[in-house]
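Structure record follows, encoded as structure tokens.
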Amino acid sequence: MQALDGVLLIDKPEGMTSHDVVNHVRRKLGVRRVGHAGTLDPMATGLLMICVGRVTRLLEYLGDGDKAYGGTVVFGLGTDTEDAEGAVVAQASALHLDVAKVREAASQLTGEIRQRPPQYSAVHVDGRRAYDLARQGKKVELPERTVHVQAFQIDDLRHEGDLALARFHVRCSKGTYVRALCRDLGALLGVPAHMRSLRRLAIGCARVEDAVPLDDWLASNDPASHLRDPLLYLEGLPMWRPARDALERLANGQAVELGQALSVSPGALVLVIYAGTVAAVGEVADGEPTMVRPKKVFWKRG
């Protein structure tokens, strides 16, 4: 990787969009090619994975890992955005709730579940974002999607007047809306609910403890020193280390025989590693012998 190619782990503050963070990184590093893996809403804080330089071409793989969050859900108030930034649209007493009831309901939202994204979400509807339509007062029935929730842990429950507040931890697949989990948790308990706070704790093997707060990074005299090798966070893909002649054929757009190096299924993606870095991403073709065809190539002869 070049000096300004890598992964930057930022602890995002509240009140800033993910794109705002990307713009700060562009200006600080003087690099145009910057992107983020996994959006955080402005009210959310925590781990934001920033890709710089050529690593932006790995965004889809770096952001593919499971996510972990901590947050707070409020029972007794429902909002149009399903979080604390929205307008209240439903209200009911949550005095009857106790932690045992909430934990039992949360257990019903684990495993493989069907989830309807919030109206205020970035889902595309006929070429437009759902949140744009929602802001115009247009109601759109967003289709459900299948997501996987490995854990939905309720840490505690307390009451504030007629409301009940629970702290939670969630580990879930890419594409899961935690706001929707909070909404659906309330529905199972028979009361409106919304998400008051959210903090992302992990993306795959990347942890917020390893991230640098944005303000600290912006104040750094050596901001590039925080860039990390993407191989640290590409744990979900098998790695193949071919000889140079095989790599050259891949770089020329040719399929290359995988041999006995890996046991993979047709359609699987393979990280092609050369000289200790990601040289390409290949896709396993169907047939015998097992061949790998190039999907993305980063390596250049030198």
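Some points to look at:
- The chain: most fluctuating residue of Ala193, Ala166, Ala100 per GNM, C-alpha cutoff 10 Å: Ala100
- Packing here is the average count of other Cβ atoms within 10 Å per residue, and on that basis the peptides 170-176, 218-224, 41-47, highest first, run 41-47, 170-176, 218-224.
- Across the accessible surface of the chain, with the other protein chains kept in place and a 1.4 Å probe, carbon and sulfur atoms take up 47 percent.
- Only protein heavy atoms count here; under a 1.4 Å probe, Glu235 has an accessible surface of about 120 Å².
- Under 30 Å from the Cα of Lys174 - lysines, other chains or at least 8 residues apart: Lys12, Lys28, Lys67, Lys101, Lys138, Lys139, Lys295, Lys296
- Helix-derived mean residue ellipticity, 222 nm - over the chain, DSSP H n ≥ 4, -39500 (n - 2.57), to 500: -5000 deg cm²/dmol
- Most mobile listed residue (Val34, Val55, Val256) in the chain, GNM with C-alpha springs under 10 Å: Val256
- The GNM of the chain, with springs linking C-alpha atoms under 10 angstrom apart, assigns the highest mean-square fluctuation among Asp229, Asp215, Asp245 to Asp245.
- For the chain, the relative contact order is 21 percent, taking Cα pairs closer than 8 Å that sit 6 or more residues apart in sequence and dividing their mean separation by the residue count.
- Taken per residue, the accessible surface of the chain reaches 48 Å², heavy atoms only and a 1.4 Å probe.
The values are calculated or read from the model by the stated rules, or taken from the named source; none is laboratory data. Bear in mind that the values here come from a model prediction, so they are computed numbers and not experimental data. Heads up, the Cβs are rebuilt from the backbone with ideal geometry, glycines too, and the neighbour counts pull from every protein chain shown. Ligands, DNA and RNA are excluded from the accessible area calculation, which covers all protein heavy atoms including side chains. Shrake-Rupley method; radii C 1.70, N 1.55, O 1.52, S 1.80 Å.
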